[in-house]
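Below is one structure; the comments refer to it alone.
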Amino acid sequence: MSLLTTSVGSFPKPPYLARARTQHSKGEIPDEGLRALEERATKEWVAFQEEIGIDVLVDGEQYRGDMATYFAENLEGCEVSGLVRSYGNRYYKKPVVVGELSRTGPITVDWWRWAQGLTRKPLKGMLTGPYTMMDWSFNEHYPSREDLALAFAKVLHQEARDLEAAGARVIQIDEPALSTRTDELDLVVKALGAVTRGLAAKTITHTCYGNYERVFPYFNKLPVDQLDLEMSNSGLDLLDRFRREPLKKEIAFGVVDVHTHVVESEGQVRERIERALEFFPPERLIIDPDCGLKTRTVDEAQGKLRAMVAATRAVKEARGLR
Amino acid sequence: MVSTTLVGSYPRIGETPEEQRLRRAIAKFDEDKISEMDLWEVERSVVKEVLGEQRAAGIALPTDGQVTWYDSQSHFARHFDGVQVDGLVRYFDTNTYYRQPVVAGPIRWRENSVVDEWRFAASVAGGPVKAVVTGPYTLATLAKVDGRTKRDLVREFADSIATEVRALRTAGATHIQVDEPAITRNQEDGTLVAEAVETVTADKGKAWFCLFTYFGDVAGILDDLAALPIDNLGLDLVQGDRNWKALAGQGSEVPLTLGVIDARNTRRDDPATIAKSALALKGKVPLEESYVSPSNGLEFLPRDKAREKLRLVVESARRLEAGL
């Protein structure tokens, strides 16, 4: 198999679910009412991915808010902060670690099992990585950043084990904060390794928004099978660096920009795939969007995914790839 | 007497609906549902609220909380000719983003960036308000450049910031702070910061002038920075905890702003421990003329925690004063 297609994780929530989440937060609809709509939206996204022919599916994270606070809400020793500004008029809540971290039970497994039951294709288990969880949390308990990252790694390893036991063949551990402090890259490798050690499932890490100049030498050290990178938002300018420092693992290559409302044409995406093929063999090249699509509208996200799949299909046909 | 101040920013929204009025107003403004004047009214009411919270906590030298700033870079760059404002880039090691200035020609100050904001804050504060500007070295470091050398770029930004400082002084500002966080990441560029500070302070008149560095230490160039023509040197003593050792070894003749309250974490700081650490510098640093502050701007914290940090600043200063 070559040029498999996938997605990074999140999809936009349909308007009916966005409204319901607001109502739920005000106590206007019960948990089970919200859950029913989350299931409906998940079904719709799984069906869409199957319909257009994506190879490795995601559940679209319709039941998650922020990627870090979702785990914070489900861990002992963790609380959620008040609002903090991200940029402009955007605010988010952060995890606050107030005690020893532990799981009371699996966090993502029930949703994964339910969503996997909707399709015969593989569906990724999705975790937020230990370094990112640490970097995006307030730490009121652990003595150091390393201690906290490794504490998150311990519970995320348990979660990955449970996903694997439930049947997950692919587990993605997102580390968008990977390049935040380049003096801590050894810690990223150590913490990520503590999550992936002993797993038989294929492991992936996704990262984005970084100045990768100093991160590059670490790409091959990251203890995962596949590296998922934002490529199109930066105009594919990372590619030349890969010529000098070849990647020794699979790459999931972002071919559509998630930060623009403009839906790329099939031709544009095809050009990006052709460029990628100058650097990576098709059996180790996976095609996906730059990042999670949750900030786009449903129509934009679906348009981008359709362009991605159509372009991949066209490249495969032109090259006689299976 | 040991005094107290803020570094600059303060959370502009809180958890209550009333404390979120600016967020709602910006959203409505973006949808053309309210006018620029309506938005200003809300911004100004929040500036008053932020000054009030500082006053209530006992902060002696407040700021306007940078309530109207989109970010610390584009807030200045968009008022300079020769610079355009581009997409979002991560701001140092925070989980926040700034719109990146792109230098596309000779940099020239075109119009005031912060003077009107400072004037309003000063009119309602009932006491001195510190004006804060981003430093030329940091502006040059975080901008996308067009091939010019960094030295040239710093010089051009320094001329523009010097013009802004003159305008602040003319408007009546008595306390002016220039922020240079980027130097904590490139201490080998200390001479560039020195040249920029000399340009910016050349015409500061009698205004009290502080150079503040944060998001790390400046231990390797502490002597050089303390020797600049400034009235106060602001240091991050949390993320830049190596500054403690440098101060203990070299001391400082210039009074300091001691950034001792952790502005990046919600953990409650211990004023007794902080005062004890600061008192260890007695005789090496003019503590009586120094300030206690958070380690950097407070906008990285939720509003309730920022309020608590204000109280901890004041309590730490009180304990330090008592020990002198």
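Having 3 or more residues that are not hydrophobic (A, V, I, L, M, F, W, C) is the bar; report the helices (runs of 4 or more DSSP H) wholly within the stretch B:71-159 that clear it.
Fully inside the stretch B:71-159 and qualifying: B:115-125, B:136-142.
How many residues are surrounded by fewer than 23 Cβ atoms within 10 Å (Cβ to Cβ), polar (S, T, N, Q) and either in contact (Cβ under 8 Å) with a residue 12 or more places away in the chain or away from every other protein chain (no Cβ under 14 Å) (or both) when one looks only at the stretch B:10-61?
The qualifying residues number 2.
Can you tell me which residue in the stretch B:94-124 is farthest from B:Q73 (Cα to Cα), limited to those that are within 14 Å of chain A (Cβ to nearest Cβ) and touching a Gly at 6+ places or on another chain (Cβ under 9 Å)?
Narrowing the stretch B:94-124 to residues within 14 Å of chain A (Cβ to nearest Cβ): B:94-100.
If we keep only those that are touching a Gly at 6+ places or on another chain (Cβ under 9 Å) too, we end up with B:97, B:99-100.
Working: B:Y97: 10, B:R99: 7, B:Q100: 7 Å.
The selected residue is B:Y97.
Out of all the residues in the stretch B:176-220, which are in a strand (DSSP E or B) and crowded, with 21+ Cβ neighbours inside 10 Å?
B:I176, B:Q177, B:V178, B:D179, B:F209, B:C210, B:L211, B:F212, B:T213
Can you tell me which residue among B:A140, B:A167 is of a type in the set (A, V, I, L, M, F, W, C), buried (at least 22 other Cβ atoms within 10 Å of the Cβ) and at pLDDT 95 or above?
Criteria check complete, one pass: B:A140.
Determine whether the stretch A:240-262 contains at least one residue that is assigned to a loop (DSSP other than H, G, I, E, B), under 24 Å from A:A307 (Cα atoms) and among the polar types (S, T, N, Q).
Yes, because at least one residue in the stretch A:240-262 is assigned to a loop (DSSP other than H, G, I, E, B), under 24 Å from A:A307 (Cα atoms) and among the polar types (S, T, N, Q).
Can you name the residue in the stretch A:129-139 that is of a type in the set (F, W, Y) and crowded, with 22+ Cβ neighbours inside 10 Å and is also farthest from the other protein chains (Cβ to nearest Cβ) among such residues?
Filtering first and then ranking leaves A:Y131.
Out of the residues in the stretch A:78-107 that are outside any loop (DSSP other than H, G, I, E, B) and away from chain B (no Cβ under 14 Å), state the one that is farthest from A:R161 (Cα to Cα).
Among residues in the stretch A:78-107 that are outside any loop (DSSP other than H, G, I, E, B) and away from chain B (no Cβ under 14 Å), the one farthest from A:R161 (Cα to Cα) is A:E100.
As an exercise: evaluate A:S232 against (1) outside any strand (DSSP E or B); (2) more than 23 Å from A:E274 (Cβ to Cβ) and give the number of the one condition it does not meet.
Failed condition: (2).
State all residues of the stretch A:170-185 that are in contact (Cβ under 8 Å) with a residue 12 or more places away in the chain, farther than 14 Å from A:T196 by Cβ and either in a helix (DSSP H, G or I) or away from chain B (no Cβ under 14 Å) (or both); if no residue qualifies, say none.
Of everything in the stretch A:170-185, those that are in contact (Cβ under 8 Å) with a residue 12 or more places away in the chain, farther than 14 Å from A:T196 by Cβ and either in a helix (DSSP H, G or I) or away from chain B (no Cβ under 14 Å) (or both) turn out to be A:T182, A:E184, A:L185.
Across the stretch B:62-92, which residue is surrounded by the fewest Cβ atoms within 10 Å (Cβ to Cβ) among those that are closer than 23 Å to A:S234 by Cβ and in contact with a Phe, Trp or Tyr (Cβ under 7 Å, 6 or more places away or on another chain)?
B:L88
Restricting attention to the stretch A:229-270, and to residues there that are of a type in the set (D, E) and under 22 Å from A:I173 (Cβ atoms), which single residue is nearest to the chain's Cα centre (by Cα)?
Only one residue tops the list, namely A:E230.
Within the stretch A:47-77, count every residue that is within 13 Å of another protein chain (Cβ to nearest Cβ) and either free of Cβ contacts under 8 Å to residues at least 60 places away in the same chain or surrounded by fewer than 17 Cβ atoms within 10 Å (Cβ to Cβ) (or both).
2
Does B:D64 satisfy being under 29 Å from B:K48 (Cα atoms), within 8 Å of another protein chain (Cβ to nearest Cβ) and touching a residue at least 12 places away in the same chain (Cβ under 8 Å)? Break it down stepwise before answering.
Working: under 29 Å from B:K48 (Cα atoms): yes; within 8 Å of another protein chain (Cβ to nearest Cβ): no; touching a residue at least 12 places away in the same chain (Cβ under 8 Å): yes.
Taking the combined requirement at face value, the residue does not satisfy it.
Scan the stretch B:250-260 and tell me whether some residue there is closer than 17 Å to B:G220 by Cα, among the acidic types (D, E) and free of Cβ contacts under 8 Å to residues at least 60 places away in the same chain.
Scanning the stretch B:250-260, I find at least one residue that is closer than 17 Å to B:G220 by Cα, among the acidic types (D, E) and free of Cβ contacts under 8 Å to residues at least 60 places away in the same chain, so the answer is yes.
Go through the stretch B:261-308 residue by residue and tally those that are of a type in the set (D, E), more than 18 Å from B:L247 (Cβ to Cβ) and either in contact (Cβ under 8 Å) with a residue 60 or more places away in the chain or more than 14 Å from every other protein chain (Cβ to nearest Cβ) (or both).
Result for the stretch B:261-308: 2.
So in the stretch B:271-324, with the set limited to residues that are of a type in the set (D, E) and touching a strand residue (DSSP E or B) at 6+ places or on another chain (Cβ under 7 Å), which one is surrounded by the fewest Cβ atoms within 10 Å (Cβ to Cβ)?
For the stretch B:271-324, the residue satisfying everything is B:D304.
Condition first: within 15 Å of A:P130 (Cβ to Cβ) and in contact with an Asp or Glu (Cβ under 7 Å, 6 or more places away or on another chain). Now tell me which residues in the stretch A:173-203 satisfy that. First the steps, then the outcome.
Here is the first cut: in the stretch A:173-203, the ones within 15 Å of A:P130 (Cβ to Cβ) are A:173-178, A:180-181, A:184-197, A:199, A:203.
Correct list: A:A177, A:T180, A:R181, A:L187, A:V188, A:L192, A:L199, A:T203.
Where residues in the stretch A:140-160 are charged (D, E, K, R) and assigned to a helix (DSSP H, G or I), which of them is surrounded by the fewest Cβ atoms within 10 Å (Cβ to Cβ)? Let's see the steps before the verdict.
So in the stretch A:140-160, the residues charged (D, E, K, R) come out as A:140, A:145-147, A:154, A:159.
Add one more test, that the residue is assigned to a helix (DSSP H, G or I), and what stays is A:145-147, A:154, A:159.
On the way: A:R145: 16, A:E146: 16, A:D147: 13, A:K154: 16, A:E159: 24.
Restricting to residues being charged (D, E, K, R) and assigned to a helix (DSSP H, G or I), the top hit is A:D147.
Go through the stretch B:3-23 and give me each residue that's assigned to a helix (DSSP H, G or I) and more than 26 Å from the chain's Cα centre (by Cα).
Across the stretch B:3-23, the qualifying residue is only B:E18.
May I ask you to list pairs of residues, at least six apart or on different chains, whose Cβ atoms are under 8 Å apart, with the first in the stretch A:14-30 being in a loop (DSSP other than H, G, I, E, B) and the second being of a type in the set (D, E) and modelled with pLDDT of 95 or more?
A:P14/A:E44
For the structure I just gave you, tell me whether A:V255 is touching a residue at least 24 places away in the same chain (Cβ under 8 Å) and hydrophobic (A, V, I, L, M, F, W, C).
yes
If I filter the stretch B:303-324 for residues that are in a strand (DSSP E or B) and either among the hydroxyl-bearing types (S, T, Y) or over 21 Å from B:H175 (Cβ atoms) (or both), do I get at least one hit?
Residues of the stretch B:303-324 in a strand (DSSP E or B): none.
Checking the stretch B:303-324: not a single residue is in a strand (DSSP E or B) and either among the hydroxyl-bearing types (S, T, Y) or over 21 Å from B:H175 (Cβ atoms) (or both).
Across the stretch B:98-137, which residue is surrounded by the most Cβ atoms within 10 Å (Cβ to Cβ) among those that are within 25 Å of B:A60 (Cβ to Cβ) and acidic (D, E)?
It comes out as B:E117.
If you check A:T196, A:T182, which single one turns out to be crowded, with 17+ Cβ neighbours inside 10 Å and of a type in the set (S, T, Y)?
Just a single option satisfies the conditions, and that option is A:T196.
In the stretch A:169-183, how many residues are among the charged types (D, E, K, R) and modelled with pLDDT under 95?
Adding up the residues that qualify gives 2.
Restricting attention to the stretch A:161-178, and to residues there that are surrounded by fewer than 22 Cβ atoms within 10 Å (Cβ to Cβ) and among the small types (G, A, S), which single residue is nearest to A:I251 (Cα to Cα)? Even if it seems obvious, please write down each step before you answer.
The initial filter retains those residues of the stretch A:161-178 that are surrounded by fewer than 22 Cβ atoms within 10 Å (Cβ to Cβ), namely A:161-162, A:164-167, A:169-170.
Okay, now just the ones that are also among the small types (G, A, S), so A:165-167.
Details: A:A165: 25, A:A166: 26, A:G167: 23 Å.
The qualifying residue nearest to A:I251 (Cα to Cα) is A:G167.
Can we say A:R322 is among the basic types (K, R) and in a loop (DSSP other than H, G, I, E, B)?
So A:R322 passes the test.
Out of the residues in the stretch B:229-259 that are in a helix (DSSP H, G or I) and hydrophobic (A, V, I, L, M, F, W, C), state the one that is surrounded by the most Cβ atoms within 10 Å (Cβ to Cβ).
Among them, the one singled out is B:L247.
The values are calculated or read from the model by the stated rules, or taken from the named source; none is laboratory data. These figures come from a predicted structure and were not determined experimentally. Positions of Cβ are generated from backbone atoms using ideal geometry, with glycine treated the same way; all protein chains shown enter the neighbour counts.
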